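Below you'll find the structure, written out as C-alpha cells, and then a few comments.
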Amino acid sequence: MSGDIQIAPTFQNYLDKDDPITDSPSYLENILNTKGVEVVQGVIYAAGIAKKGSVIRGVLFKGVSSPDSSLHAIVPKELASSLNLSEGDEFYAYFSSKRLKIRKLTVTSVKEDMLGSTQNIIVEMPISDLRRVNGWKEHQVAALEITLDEKYRSSEALKEKAAEIGAIIYSNASDEDEMLVAVSSAESFAHIYDWLELIDLNVIVILALMIIVAGFNMISGLLILLFRNISTIGTLKSLGMRDKGIASIFLRITASIVVKGMLVGNACALILCIVQKITHLIKLDPTNYFVSYIPVEIDFARIVIYDSIAFVVIMLLMLIPCMFISRIDPSETSKTE
C-alpha cells in the first residue's frame, strides 16, 4: 500500500488475520545494514467501516508505529470531506471478525493523498490498536514496509533493491522464520512509474528540440553577423589573417552572446522555480497527475551539466556558418567596396 519495498507472505494477503508475521525476523539486521535502507517498520491492514452520524464509508485501516496515544486516526482529505470530519472530530470504526468490534477514533490530522481512489480510503491509526482488534501479540504484523534513501527510488533501482532484499531473506532466514517475499512499489504501482518514465521521455525530447531550435537561431544570427562584416573579413584576409583566426573572433563573440543568454535564462528560471516551490502557484488536477501542484526540485549540479551540454552543442553548430568565411574572396570584397 505504501513504503518503497514491502516484505509480506508469498500470497500477499495483507488482510489475513490468521497468518501474522513477526516484526523482528532473524535477518532484520541484515536488511537494516543494506545500503540505501533507511527505515523498516511493521504495519497491519484491516478492512472496516467508518461512520459519523448517518454517513458510512468502507475504508482500509492501516496500523503504523505512532508516538501518540491510542484510538486516534489520520484521515485522507477526500474521506474526511465525505464524512464531514476535521481535526479533533470523532467517528466510529467498525471491524469485522468473529464478532463485530467497534472503536471510537479521534481525528488528529487530515492528509492530502494523490495516489488515486485506493489510497484515499486508507485511514492510519496506531498499530497497537489494530493488534488488539485482531487479537495479535505484541510483535505480530501483517507486513514490513521499507523506506529507502531518495536516490534509490527510481523504477529500476527499486526493483534491484527488492531483488537484493529478497536474496537476503532467502539466504539468512532461519527455520523459525516465515516464508516472505520482497515486492517493490514499482511493481505494486507499475502504472504510476510508467507514467513518470513517459514524463521523463517527454522532458528529454523537449530539451533536445529546444537545443536544436536555439542552435539554428544562433546559426542564423552568426550568418547575419558574417554578412554584415564581409568587407571586414575580406580586409583581414588581405592582411594575411587565416580563416581559423577570423572564425575564432566570431566564435568568441557568439560564445559571449550564448553565455549571457544562459545567465539571464537561468536567473529567470530560478526565480520562477523558487516562486513555485514556495507558493505552489501553478496547480494540477490530482485525479490526472497524482499531485495537486507542479513540484519543483532545484538541482544546481544538473543545471550546470545541462547548460554545459547546450553550450557545447550550440558552439559545434556554430562551426557550420564559419565555413562561409573560407568562401569569401578578398579581391571580390574590395571590388564591392
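List pairs: first in the stretch 73-97 and of a type in the set (Val, Ile, Thr), second crowded, with 17+ Cβ neighbours inside 10 Å and assigned to a strand (DSSP E or B), Cβ under 6 Å, 6+ apart or cross-chain?
Sorted first by the residue in the stretch 73-97, then by its partner, the pairs are Ile74/Glu124; Val75/Val107; Val75/Val110; Val75/Val123.
Mind listing whichever residues of the stretch 156-194 are in a helix (DSSP H, G or I), aliphatic (A, V, I, L, M) and modelled with pLDDT under 85?
Ala186, Ala190, Ile192
Has the stretch 201-223 got any residue that is in contact with a helix residue (DSSP H, G or I) (Cβ under 7 Å, 6 or more places away or on another chain), surrounded by 13 or more Cβ atoms within 10 Å (Cβ to Cβ), closer than 30 Å to Ala8 by Cβ and of a type in the set (A, V, I, L, M, F, W, C)?
no
Just name the residue that is farthest from the chain's Cα centre (by Cα) out of those in the stretch 233-266 that are farther than 20 Å from Ile314 by Cα and of a type in the set (A, V, I, L, M).
Leu239
Filter the stretch 44-54 for residues that are modelled with pLDDT under 90 and in contact with a Ser or Thr (Cβ under 8 Å, 6 or more places away or on another chain) and give the result.
Matches in the stretch 44-54: Ala47 only.
For the stretch 36-52, does any single residue satisfy the condition of being without any contact (Cβ under 8 Å) to a residue 40 or more places away in the chain and part of a loop (DSSP other than H, G, I, E, B)?
Checked the stretch 36-52: no residue is without any contact (Cβ under 8 Å) to a residue 40 or more places away in the chain and part of a loop (DSSP other than H, G, I, E, B).
Might you let me know whether the stretch 83-93 holds any residue that is touching a helix residue (DSSP H, G or I) at 6+ places or on another chain (Cβ under 8 Å) and assigned to a strand (DSSP E or B)?
Yes - at least one qualifying residue is present in the stretch 83-93.
Scan the stretch 182-195 for residues that are surrounded by 13 or more Cβ atoms within 10 Å (Cβ to Cβ) and under 13 Å from the mean Cα position of the chain (by Cα) and report the count.
5
The values are calculated or read from the model by the stated rules, or taken from the named source; none is laboratory data. Because the structure is a prediction, the values reported are computed rather than measured. Cβ atoms come from the backbone with ideal geometry, glycine included; neighbour counts cover every protein chain shown.
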